[in-house]
1. Quick one: how many residues across segment B:71-97 are without any contact (Cβ under 8 Å) to a residue 60 or more places away in the chain, buried (at least 21 other Cβ atoms within 10 Å of the Cβ) and either facing chain A (nearest Cβ under 8 Å) or small (G, A, S) (or both)?
2. Working carefully through the options B:T345, B:T362, find the one that is crowded, with 24+ Cβ neighbours inside 10 Å, more than 14 Å from chain A (Cβ to nearest Cβ), closer than 18 Å to B:S66 by Cβ and not aromatic (F, W, Y).
3. Identify, please: which residue in segment A:317-341 is over 20 Å from A:V58 (Cα atoms) and more than 11 Å from every other protein chain (Cβ to nearest Cβ) and is, among those, least open to solvent (accessible area, probe 1.4 Å)?
4. For segment A:148-174: of the residues being of a type in the set (G, A, S) and within 22 Å of the chain's Cα centre (by Cα), which is surrounded by the most Cβ atoms within 10 Å (Cβ to Cβ)?
5. Out of A:A228, A:A218, report the one residue that is open to solvent by less than 40 Å² (accessible area, probe 1.4 Å) and within 19 Å of the chain's Cα centre (by Cα).
6. For B:A372, are the conditions met, namely being over 30 Å from A:G339 (Cα atoms) and more than 11 Å from chain A (Cβ to nearest Cβ)?
7. A:G201 - would you say it is touching a residue at least 24 places away in the same chain (Cβ under 8 Å), at positive phi and not hydrophobic (A, V, I, L, M, F, W, C)?
8. From the set of residues in segment A:304-313 that are out of contact with any Leu (no Cβ under 9 Å at 6 or more places or on another chain) and either within 19 Å of A:N288 (Cα to Cα) or away from chain B (no Cβ under 13 Å) (or both), which is most open to solvent (accessible area, probe 1.4 Å)?
2 protein chains.
Amino acid sequence: MCPHPVNAPDDAVTQKPFSFHLTATDGAARSGEMVTPHGVVRTPAFMPVGTQGAIKGVHHDDVHASGADIILGNTYHLMLRPGAERIAALGGLHAFMRWPFPILTDSGGFQVMSLSALRKVTEAGVTFRSHIDGAMVELTPERAIAVQNLLGSDIAMQLDECVSLPAESTEIERAMRLSLRWAERCKRAFESASPGRALFGIVQGGDDQGFREQSVRALIDIGFHGYAIGGLAVGEAPEVMRKVVAETAPALPTERPRYLMGVGTPADLLAAVARGIDMFDCVMPTRNGRHGLAFTRFGPINIKNAQHADDPRPLDAESRCPAARDFSRAYLHHLFKAGEALGGTLLSIVNLFYYQDLMAGTRAAIAAGGFADYVAQTTEQWSAKRDTASQ
Amino acid sequence: MCPHPVNAPDDAVTQKPFSFHLTATDGAARSGEMVTPHGVVRTPAFMPVGTQGAIKGVHHDDVHASGADIILGNTYHLMLRPGAERIAALGGLHAFMRWPFPILTDSGGFQVMSLSALRKVTEAGVTFRSHIDGAMVELTPERAIAVQNLLGSDIAMQLDECVSLPAESTEIERAMRLSLRWAERCKRAFESASPGRALFGIVQGGDDQGFREQSVRALIDIGFHGYAIGGLAVGEAPEVMRKVVAETAPALPTERPRYLMGVGTPADLLAAVARGIDMFDCVMPTRNGRHGLAFTRFGPINIKNAQHADDPRPLDAESRCPAARDFSRAYLHHLFKAGEALGGTLLSIVNLFYYQDLMAGTRAAIAAGGFADYVAQTTEQWSAKRDTASQ
């Protein structure tokens, strides 16, 4: 394996089958490499979210330049519009959106629960009314896999049912057990049609550690290329999320990638890496960027605050990100005050670079056996300069 | 003079005083070079509009890559927000927005007429209520020049009063004569404080050729670095605009640049170049791009039309513009249908490249003595392929 993994260049797909191996560990923290048909993903990895075939407001070139090895596509959105069959006819999601690097697709289950009206969950699957045109759509485990096959993602996710927290114990258990039966059906549907690509199972069980452990054991029995912790970042307190991760991650197979879905803040990422998580996705860098919040080495900066109106300093003169380095805070502040979309685009780029740099720093620290120091220094820098450089 | 004019590199300002010379003529059409403190502008030139210190939705790097030598900044918007004094304190408009190449600023007069409420025009100037915070603001000829000096634009425009067409003859004449008195005051205010930079006068007179000619003669007597035809693209029929240009341009001094303000479509640009116009500005490339209309060699393409939903072809496989070449029409269609802002950004870039390529083709054709053929071929290609490739 290449000691300095790089992404496949445009149009030069590796087409290697999925594999994963660790390159270093430091306590429970791990660094590694996932090989996928469209290139290598360095872990711990942060996946920007390309909900509808685009990272909101950001050109693919900037996403790639930020250092993202892999992005996430939302099956729910893409199956409804423009449609999975249409994307397949246009060459699959990589060709359609012209992102030649790895793509993970979720199963659509999470958005069905959060976005669609009149949803009905049965043993067969979930039927829901499209939020776009009101049509009734059925999503079964088999259809979720078929859709992800049509999209051609490098990593597919099982269909699961995700309940919001807090929830009744009986409801958490019911959804967890249903998700396991769907996991098995997804595995069968996937095996017949997806050479080289990967399928991840999703651990459910809410905030109940007993259920979580039952879910983990059953998923391992079915056998997946990787394991995700789902059902978090759905309304629970941060300490609940951290507790579930701390208790669940050690039960997952060492030799397979571990993905914490929908998380989170920079601090959340570091805390989860410390527990042995390898992969993350979150809309936070782009959503917060559009709303004027920049993540920097000096902590978050709300660029809309009046104190930045006359500040000639860039967000971070030492940043690898041109948008963080080249434009003054005064200019960025002005763009937001004037309602210029370029402001949201630039701060989204700043944040995507920051998240990728945080993951690169994390990987280097783990390789050097200094992850705890890296966390301490990074965290200290966030708070130490907060009073002078931010808010 | 350099035979292959290039823009000044970042931070390497030429600081040469303003000058203009023709490099070729072909009938009434002219090509030339304007030297400005921030670099050379090749004419005929199209200036993208950076109303509030940004070309809407487009990163400066893409504006520069499109081939734009110069952009336009709107004095009205910038004086109200973030304020001319603030921009000056931050190093001027070039440094503030980080566009190190030439900038032309309008005087603010046009937007006072079109955007502000409770405006009152007197001999002294115009007083208006800001559309942002409701404050009463006074814009005199002297203040218009002071603001443009604070912004530090390479080319400043006189304050004028622009009337919408159709209008009463007495109203057109009153505004034209007031604009001439303001032109004289602008000239005086400008001379004391703007070494190396240029000031353009603006011909008014509505659709009355007698008034237009009086305006031209009086402006020439005052003496400006360049002359603009204003008061068009304000509601008149296209043939009125073309008639005024055809009759006014020949009266302007041969050795000075001629700027047709606020125009227009690709066809408008070619028609005006044929009459001897050297400079244009218009929001059309970016505004139409945001609304899904792409300008291409094959005529305009409305990417939102359903026929593009499954079309794997790019907008123009031969284009110099990556966005026109690399993304399928199906993908661009999807971005608009899905409400992804990236769609508007990509089509704005496509259009900015198209306008610049049209100007580059125009300059090359004039230099080769084949401008009429170029217009015929370009126009034929727009209409010949319209049935198959567009709408």
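The values are calculated or read from the model by the stated rules, or taken from the named source; none is laboratory data. Predicted, not measured: the structure shown is a model, and the values here were computed from it. Note that we place each Cβ from the backbone using ideal geometry, even for glycine, and neighbour counts take in every protein chain shown. Please note that ligands, DNA and RNA were not included when accessible areas were found on the heavy atoms of the full protein model with its side chains. Shrake-Rupley method; radii C 1.70, N 1.55, O 1.52, S 1.80 Å.
1. The total comes to 3.
2. B:T362
3. A:A317
4. A:S153
5. Just one listed residue meets the conditions, A:A228.
6. In short, yes.
7. No; evaluated as a whole, the condition is false for this residue.
8. The extreme case among them is A:Q307.
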